[in-house]
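The values are calculated or read from the model by the stated rules, or taken from the named source; none is laboratory data. Here the structure is a predicted model, which means the values were calculated and not measured. Using ideal geometry, Cβ is built from the backbone for each residue, glycine included, and neighbour counts are taken over all protein chains shown. The area values use the complete protein model at the heavy-atom level, side chains included, leaving out ligands, DNA and RNA. Shrake-Rupley method; radii C 1.70, N 1.55, O 1.52, S 1.80 Å.
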Amino acid sequence: QVQLVESGGGLVQAGGSLRLSCAASGRTFSTYIMGWFRQAPGKERAFVARISGSGVSTSYADSVAGRFTISRDNDKNTVYLQMNSLKPEDTAAYFCAAASSWAQSLRRFDYWGQGTQVTVSS
């Protein structure tokens with residue numbers, strides 16, 4: 001069982017930056033693929049980024065590639081999402097999730113946090 005708690009959301013102006021954190025419980029954190037997803041009002045939850053257990057492999061949605069960076073610190077059981085050059089369309093609730101295999105489908109992620117709100121003003 002893995003429990004995930006996100007933090008770091010807030011209100012920021014377009015062009016600004018935020019760093020989201022996701023703290024995980026359990027002693028097997030490094031064995032999980034970690035992902036970030038987001039859900040805007042009236043839209044489905046969508047993949048943002050993922051990172052392998054070692055942190056060596058990452059992948060991003062096209063809409064955030066080059067602006068967002070996912071990273072992890074296995075000693076701290078924490079995964080991060082650095083968001084730069086934020087746009088109003090990045091406004092959403094952001095969720096971290098854990099999976100046992102390298103996938104980006106929501107269905108493949110077994111554990112989810114409660115989400116943190118990011119609002120980007122124009």
Most to least accessible of Val5, Val48 (protein chains only, probe 1.4 Å): Val5, Val48
Carbon plus sulfur fraction of accessible area for segment 1-61, probe 1.4 Å, in percent: 47 percent
Dipole in debye (nearest 20) - the chain, about Cα centre, beta carbon charges: Lys, Arg +1; Asp, Glu -1: 100 debye
Solvent-accessible surface (1.4 angstrom probe) belonging to Ser100, in square angstrom, nearest 10: 80 Å²
Asp73/Ser122 FRET efficiency (R0 41 Å; Cβ-Cβ; nearest 0.05): 0.80
For the chain, fraction of C-alpha pairs farther apart than 26 Å, in %: 13 percent
Virtual spin-label span in nm between Ser59 and Thr28, 7 Å along Cα→Cβ: 2.3 nm
DSSP-defined antiparallel bridges as percent of all bridges, the chain, nearest 5: 90 percent
Per residue accessible area in Å² of the chain, where ligands, DNA and RNA are left out and the probe is 1.4 Å: 51 Å²
